[in-house]
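Q: Got a structure here, written out as C-alpha cells. Questions coming.
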Amino acid sequence: MENMTVGRIAQAVGGRLLCGDASLPVEHISIDSRKILPNSLFVPLIGEKVDAHRFLKQAIELGAAAVFTSEHEEAEDASVPWIRVEDTKQALQRLGAFCRQSLPTLPVVGVTGSVGKTTTREMIAAALSAKYVVYKTPGNHNSQVGVPITLSELCSRDEIAVIELGMSEPGELSVIAKMAEPDMAVITNIGVTHIEQLGSIMNIYKEKLSIQDGLQKGGKLILNVDDPMLGNTKARQDVEVVSYGKMSGARYRAVNIHLEDGYPVFTLSYGEREIEVKLGVLGEHNVSNALAALAVAGECGVNLEQAALALGQFRGFANRQQLYQIGGLTILDDSYNASPVSMKAAIEVLANRKGKRRIAVLADMKELGEQAEEFHYDVGKFAAQKNLDFVITCGELARQIAKAVLDAEKMIQVVSFSDNESLLGFLRGLLHEGDCVLFKGSNSMKLFEVCAQLRKEKEEA
C-alpha cells in the first residue's frame, strides 16, 4: 500500500480508531499472525473453526504495525493502533477496493474460468511484459480474502495488473469483481469445478458471467468461443466481446496446431496477420490459454510478434505440468489440482510423451457433487483409450477411474491404493529408467508430496 496511514485505513473501511497514531504509515496486509510483514496491518478473520482474534497479541509481538478488531471496544495493548470495525472480512474487502480506486488509471485484467485460469493469468502477464511493467496475482490469492490483499499491493510503478478472480460459492465472483473493477475480463471456460456448491453447469455459467458486475463501462469481455457455453454469450450492453479460439470467426484464432515433443506450436491468425507461436509448456490444451494471453496483449496495444516471443519464455510453475528428467526417469508433476477436463488434458500429454512405459498416477478429484463417481469413471474411459501402460489410482473416488479402465478390457495394468504411503512404496519398486510417470489429483490428495519424495530419492541415487 502506497501513502497509506492508519487514519486513511480507518476512514476507508468506516472504522473507529481505538488508540494509536493515525499518521503511522502502513504498507502491507497480513492475515496470518505467524507471517507478519514489516509495517503491516493484521486482519483477524473469523473462520468456521478458528477466530483469529485469538492471535492479536501474537501478531503484535511479531511486529504488526496496526490491527483490526470486531470484538473489542477498547484496545488490550496500546503499543500499536487498533481499528474497530463491524466485520473484519468486509473491512478487508473495503480496503482492497479503496486501494484499487486509489489507482483509477491503472488498467486491470480480470481472469476467471473453471479450468486453467492460473496458467492463463501467468501467460497473460508474460505476453504483456513485452511492453508493460506487469503486476499479477501472487500464488492463489484469488478469493474474497486473497483478492483484496492482492489489490493492496498495487503501486504507481505498475503499468498494468492481471488479477485472478476465483469462485467457490454463489455470489463470490460478483463481490471480488466489484473490488477489482477490471477494464478487461477473461473467461477461459465453463466446467464442473465447484458444481458441488453451485448445483449445475448452468449456475456455474451464470456465476462466471457475473465478472461483468465489476467490469468498467466500455470494457472488454474476452471469451473462449470454443467453449460450448461461451460461444454465443452476449455481453452487457456497454461491453465489447473479444473472441478467441480455434473456430472460424474468432478474432484471435489458432490454426496449424501441432506438437513438437509435447510442446504446442501454432499460427496465430489475427485479421490479415499470421504469427508463429511456440509454447514452453506442455499440452495442446495450453493453446487456448495462450490465445487468451495474445488476445489481451493485442487489445492492450502490445506488438503481437513480441508478445508471442515473451509468451514462449513462460515455463509454467510448481506442481503444474512441470517436467523433470532424473536418472533416465521422466516425471510429469501436475499435482497441484484436478478437474475432469484438466485430468484428461494431463493424460493426453502423458500419452504423447516418449518412454518405455507411460504410467498415470491419478488421485481423487474433489468438489464434484453427486456425480463425482460418474466424472471419475468418465476419466477412466478416456484413459483406457490412450497409449498407457499403467493406471495407478489413489483414493476412493479414483477407484472409479480404475474400474472404467478395467471394464474397457485394455492391455493397461491397473492398481489402486487408499493412501499415499502405500502408493509411494509401490512406485519405488515400479519406476525404472525410461519410464514416464504423471501425477495428477486434487491438491488435498497431496500427490505433490509423493512426487517430491520420489524426486528427492532419485536425485540422491
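Q: Just flag the trypsin sites (Lys or Arg not before Pro) in region 212-244 sitting in loop per DSSP whose Cβ has no more than 12 other Cβ atoms within 10 Å. Please report the intermediate quantities before stating the final value.
A: Values: sites: Lys217, Lys220, Lys234, Arg236; in loops: Lys217, Lys234, Arg236.
Taking region 212-244 and a limit of 12 other Cβ atoms within 10 Å, the loop trypsin sites (Lys or Arg not before Pro) found are Lys217, Lys234.
Q: How large is the dipole of region 215-277 about the Cα centre if only Lys and Arg carry +1 and Asp and Glu carry -1, each at its Cβ, rounded to the nearest 20 debye?
A: My answer is approximately 440 debye.
Q: Another one. Rounded to two decimals, what is the ratio between the C-alpha radius of gyration of the chain and 2.2 N^0.38 Å?
A: In units of the globular-protein estimate, the chain measures up at 1.05.
Q: Helix 117-128 versus the longest principal axis of the chain: what is the Cα-based angle in degrees, 0 to 90, to the nearest 10?
A: With both axes taken from Cα atoms, the answer is about 80 degrees.
Q: Next question, about the same structure. Taking θ as phi - 60°, what are the ³J(HN,Hα) couplings along region 254-261 by the Karplus curve (6.51, -1.76, 1.60), each to the nearest whole Hz, with x for Gly and Pro?
A: These are the phi-based 3J(HN,Hα) values: 9, 10, 6, 7, 7, 10, 10, 6 Hz.
Q: For region 117-215, what value does the Rg/Rh ratio take when both radii are computed over Cα atoms and Rh is the Kirkwood radius, given to two decimals?
A: Radius of gyration relative to Kirkwood radius: 0.97.
Q: Further question on the same structure: Relative to the first principal axis of the alpha-carbon coordinates of the chain, what is the inclination of helix 447-460, with its axis defined by its Cα atoms, in degrees from 0 to 90 and to the nearest 10?
A: Between the helix axis and the principal axis of the chain, the angle is about 70 degrees.
Q: Please compute the Kirkwood hydrodynamic radius of region 359-461 from all pairs of different C-alpha atoms, in Å with one decimal.
A: 13.9
Q: List the residues, sorted by chain then number, that are 5 or more residues from Leu329 or on another chain and whose placed amide H is less than 5 Å from its amide H.
A: Gly434
Q: Tell me the angle of helix 420-430 to the major Cα principal axis of the chain, expressed in degrees between 0 and 90 and rounded to the nearest ten.
A: 40
Q: Could you run the Karplus curve 6.51 cos²θ - 1.76 cosθ + 1.60 with θ = phi - 60° over region 329-343 and give me ³J(HN,Hα) per residue in whole Hz, x for Gly and Pro?
A: 9, 9, 10, 10, 8, 10, 8, 5, 6, 7, 9, x, 5, 5, 5
Q: Continuing with this model, one more query. Sorted by packing (mean other beta-carbon atoms within 10 Å per residue), highest first, where do 167-175, 323-331, 91-99 land?
A: 91-99, 167-175, 323-331
Q: Can you give the charge dipole size of the chain about its Cα centre, rounded to the nearest 20 debye, using +1 on the beta carbon of Lys and Arg and -1 on the beta carbon of Asp and Glu?
A: Taking the Cα centre of the chain as origin, the dipole is about 860 debye.
Q: Measuring with a 1.4 Å probe in the full set of protein chains, what accessible area per residue, in whole Å², belongs to region 386-461? List each step's numbers first, then the result.
A: Working: 3740 Å² over 76 residues.
About 49 Å² of surface per residue is accessible.
Q: When you count, for each residue, the other Cβ atoms within 10 Å and take the mean per peptide, how do 426-438, 343-355 rank with the highest first?
A: Ranking the peptides 426-438, 343-355 by packing returns 343-355, 426-438.
Q: With Kirkwood's inverse mean 1/r over C-alpha pairs for Rh, give me the Rg to Rh ratio of region 270-366, two decimals please. Before the final figure, lay out each step's value.
A: Working: Rg = 15.8 Å, Rh = 15.2 Å.
My calculation of the ratio gives 1.04.
Q: Here is a further query. Rank Gly15, Gly139, Pro38 by how far each Cα sits towards the positive end of the charge dipole of region 1-158 (+1 on Lys, Arg Cβ; -1 on Asp, Glu Cβ) and give me just the farthest.
A: Toward the positive end, the furthest listed residue is Gly139.
Q: Continuing with the same structure: So between Glu305 and Leu24, what do we pick up on full extension, going 0.36 nm a residue minus the alpha carbon distance?
A: 96.5 nm
Q: Each residue of region 177-185 in turn: what ³J(HN,Hα) in whole Hz from Karplus with 6.51, -1.76, 1.60 and θ = phi - 60°, glycine and Pro shown as x?
A: Per-residue couplings from phi come out as 5, 5, 5, 6, 6, x, 8, 10, 10 Hz.
Q: Rounded to the nearest 20 debye, what is the charge dipole size of region 58-138 about its Cα centre when +1 sits on each Lys and Arg Cβ and -1 on each Asp and Glu Cβ?
A: Roughly 900 debye, rounded to the nearest 20.
Q: In the chain, if the dipole is taken from +1 on Lys/Arg beta carbons and -1 on Asp/Glu beta carbons about the Cα centre, which of Met123, Pro340, Leu173 is farthest to the positive end?
A: Ranked along the dipole, the leading option is Met123.
Q: Can I ask one more? Within 12 Å, Cβ to Cβ, of Ser444, how many net charges do the neighbouring residues add up to if Lys/Arg are +1 and Asp/Glu are -1?
A: Numbers: positive: Lys366, Lys446; negative: Asp364, Glu367, Glu449.
My count for the surroundings of Ser444 gives -1.
Q: Here's something else I'd like to know. Taking every DSSP beta bridge with both residues inside the chain, roughly what % is antiparallel (nearest 5)?
A: Antiparallel: roughly 30 percent of the beta bridges in the chain.
Q: As an exercise, identify the GluC sites (Glu not before Pro) in region 247-329 lying in DSSP coil whose Cβ has no more than 13 other Cβ atoms within 10 Å.
A: Answer by residue number: Glu272.
Q: When the Kirkwood radius is taken over all Cα pairs of region 17-93, what Stokes-Einstein diffusion coefficient follows at 20 °C and 1.002 mPa s, in µm²/s?
A: D, rounded to a whole number, is 176 µm²/s.
Q: What percent of all Cα-Cα pairs in region 293-343 falls in each 5 Å bin, counting up from 0?
A: 4, 17, 16, 14, 15, 16, 12, 4, 2, 0
Q: Choose one of Phe390, Leu329, Pro264: the residue whose Cα lies farthest towards the positive end of the charge dipole of the chain (beta-carbon charges +1 Lys, Arg; -1 Asp, Glu; about the Cα centre).
A: Highest projection toward the positive end goes to Pro264.
The values are calculated or read from the model by the stated rules, or taken from the named source; none is laboratory data. This one's a predicted model, so the numbers in the text were calculated from it and none came from an experiment. Because the Cβ atoms are built from the backbone with ideal geometry, glycine has one as well, and the counts that use them run over all protein chains shown. The protein model used for the area step is the full one, side chains on, heavy atoms only, and it has no ligands, DNA or RNA in it. Shrake-Rupley method; radii C 1.70, N 1.55, O 1.52, S 1.80 Å.
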